[in-house]
Amino acid sequence: MDPLRLIEKYYPAGTEGHLILLRHSVRVAGKAREIAGRLAAGGVDIDFVHEAALLHDIGMLFTAAPEIGCHGHLPYLCHGYKGRELLEREGLPRHALVCDRHIGVGLSAAEIETQGLPLPVRDMLPMTVEERIVTYADLFFSKNPRENDAERSVEKVRQTLARYGAGKVEVFDLWHFQFGG
């Protein structure tokens with residue numbers, strides 16, 4: 001499976017969406033692969049982590065986010081579950097789960113329902129170490145071109161997550177202890 005070829009199937013090379021997605025995903029994949037490499041002795045699937053990190057945001061094309069080259073009709077929050085649907089159709093169920101579960105530090109069915117989020121009501125929480133690595137690495141990089149590909153600091157990630165509750169920061173802190181190096 002060639003994740004870059006799959007991205008080009010849905011994002012024509014040279015388009016704004018392709019460039020933004022690829023730039024972001026390559027950065028996330030680099031960080032995720034480095035983390036997975038440090039944990040490889042524990043059975044982490046490094047190649048899967050790399051592929052999944054490249055594909056984790058593939059569903060953004062269905063969203064209305066013109067600032068990053070996406071001209072769909074759904075709220076940006078929907079890119080995870082739409083990516084899951086797309087990758088399931090491509091025969092990649094394990095990669096699809098990473099898409100579904102990578103929003104923030106994950107979302108529970110209760111959070112989705114209580115907050116009235118425009119998502120299927122189900123747990124969207126990273127369950128495997130590989131899913132957690134990709135989700136963790138993603139928190140450090142924005143797709144916003146104004147951020148100029150800069151890696152966010154741990155404190156900036158914590159501040160961003162704090163807007164969604166102390167529990168989100170606690171999950172991040174646990175992951176940072178496990179993956180931060």
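Below are the figures for this structure:
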{"read-out": "³J(HN,Hα) computed for each position of region 164-178 - Karplus, 6.51 cos²θ - 1.76 cosθ + 1.60, integer Hz, glycine/proline x", "value": "9, x, 4, x, 5, 5, 4, 4, 4, 4, 4, 5, 5, 4, 6"}
{"read-out": "Simple Cβ-charge dipole of region 14-92, Lys/Arg +1 and Asp/Glu -1, about Cα centre, in debye nearest 20", "value": "200"}
{"read-out": "Computed magnitude of the charge dipole of the chain (debye, nearest 20; Cβ of K, R +1, Cβ of D, E -1)", "value": "220"}
{"read-out": "Cubic angstrom per residue, convex hull over Cα atoms of region 3-179", "value": "111"}
{"read-out": "Whole-number D in µm²/s for region 127-181 (Stokes-Einstein; Kirkwood sum over Cα pairs; 25 °C, 0.890 mPa s)", "value": "208"}
{"read-out": "For A65, distant residues with modelled amide H under 5 Å away", "value": "C70, H71, G72"}
{"read-out": "Relative exposure of E113, E8, judged by other C-beta atoms within 10 Å (fewest first)", "value": "E113, E8"}
{"read-out": "Distance from region 13-81 to region 135-155 (C-alpha centre basis), Å", "value": "12"}
{"read-out": "Percent RCO, i.e. relative contact order, over region 3-179, from Cα pairs under 8 Å lying at least 6 residues apart", "value": "20"}
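Coordinate-derived values only; no laboratory data. Keep in mind that this is a model prediction, so the values were computed, not measured. As a convention, Cβ positions derive from the backbone with ideal geometry for all residues, glycine included, and neighbour counts pool all protein chains shown.
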